[in-house]
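Written below as structure tokens is the structure these notes are about.
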């Protein structure tokens with residue numbers, strides 16, 4: 001959210017609370033068309049190409065005319081995010097909390113692949129729209145039948161979501177040092193030639209990977225969550241580890 005941007009103003013825009021303007025010519029476009037044009041520019045040309053001037057030109061408007069719809073780029077970005085995230089997946093037909101969260105992760109990852117700029121703009125202190133909020137609501141619904149408290153369910157969803165965000169680049173070929181890309185064969189050869197200096201890495205890169213960082217991390221997170229849920233269901237989830245005797 002931009003400096004001095006009133007979150008209440010964004011809330012009115014995203015949640016349909018803003019009163020329509022009564023003065024001036026009747027708007028020729030709705031916000032959905034405006035957002036769609038901006039999303040297409042971001043998808044094809046990159047987020048840096050999105051500007052009030054560019055989007056106005058895409059719609060055949062002047063830059064000043066665009067201000068009849070949004071008050072500036074911050075509001076433009078807000079409706080772009082809301083349009084790009086779309087509606088969350090329907091998890092009602094998926095059995096079990098773990099399978100539901102795995103489906104949620106697949107759909108979230110797919111949305112980010114369709115719109116690679118989304119992860120970088122869906123962070124920080126900001127007002128979210130109904131679509132984006134519904135994604136969190138959907139993920140929470142996966143855990144409603146577990147013995148976790150309401151706050152713990154939200155913490156679990158945030159933990160999974162943060163993992164997906166943290167591994168988004170690593171899951172994309174060539175975006176980080178240890179992912180497959182044009183530099184990967186060069187790095188592998190260098191490590192093998194310098195195995196005496198980097199024995200652990202040399203051994204690691206010599207063995208083909210059977211999983212991704214995202215898959216391994218998600219499995220580890222869900223395994224830990226499953227253990228907590230099982231312990232809680234049996235009434236011992238809040239037990240503290242036995243204290244060890246101190247040195248004598």
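Filtering 154, 118 for residues that are free of Cβ contacts under 8 Å to residues at least 60 places away in the same chain and under 20 Å from residue 14 (Cβ atoms) leaves a single hit, 118. Within region 177-230, take every residue that is more than 23 Å from residue 96 (Cβ to Cβ) and within 26 Å of the chain's Cα centre (by Cα) and give me the one that is modelled with the highest pLDDT. Only one residue tops the list, namely 213. Quick check on region 30-42. Is at least one of its residues in contact (Cβ under 8 Å) with a residue 60 or more places away in the chain, within 30 Å of residue 228 (Cα to Cα) and out of contact with any helix residue (DSSP H, G or I) (no Cβ under 6 Å at 6 or more places or on another chain)? Checked region 30-42: no residue is in contact (Cβ under 8 Å) with a residue 60 or more places away in the chain, within 30 Å of residue 228 (Cα to Cα) and out of contact with any helix residue (DSSP H, G or I) (no Cβ under 6 Å at 6 or more places or on another chain). Here residue 174 meets each of (1) surrounded by fewer than 15 Cβ atoms within 10 Å (Cβ to Cβ); (2) under 16 Å from residue 222 (Cβ atoms); (3) at pLDDT below 95 with one exception, condition (2). When residue 210 is tested against (1) part of a helix (DSSP H, G or I); (2) within 30 Å of residue 142 (Cβ to Cβ), only condition (1) is not met. Meeting the requirement of 2 or more residues that are within 21 Å of the chain's Cα centre (by Cα) and within 20 Å of residue 118 (Cα to Cα), the helices (runs of 4 or more DSSP H) wholly within region 37-87 are 73-85. Checked against (1) under 18 Å from residue 163 (Cβ atoms); (2) touching a helix residue (DSSP H, G or I) at 6+ places or on another chain (Cβ under 9 Å); (3) not in a loop (DSSP other than H, G, I, E, B), residue 110 passes all but a single condition, namely (2). Just checking, does region 114-131 include any residue being in a helix (DSSP H, G or I) and either over 29 Å from residue 6 (Cβ atoms) or touching a strand residue (DSSP E or B) at 6+ places or on another chain (Cβ under 9 Å) (or both)? Within region 114-131, one or more residues are in a helix (DSSP H, G or I) and either over 29 Å from residue 6 (Cβ atoms) or touching a strand residue (DSSP E or B) at 6+ places or on another chain (Cβ under 9 Å) (or both). Restricting attention to region 3-36, the residues that are within 20 Å of the chain's Cα centre (by Cα) and at pLDDT below 75 total 0. Applying the condition of being free of Cβ contacts under 8 Å to residues at least 60 places away in the same chain and within 28 Å of residue 45 (Cβ to Cβ) to region 90-115 and asking which residue is surrounded by the most Cβ atoms within 10 Å (Cβ to Cβ) yields 108.
The values are calculated or read from the model by the stated rules, or taken from the named source; none is laboratory data. For clarity, every value in this text was computed on a predicted model and none was experimentally measured. FYI the Cβ positions are ideal-geometry reconstructions off the backbone, even for glycines, and counts take in every protein chain you see.
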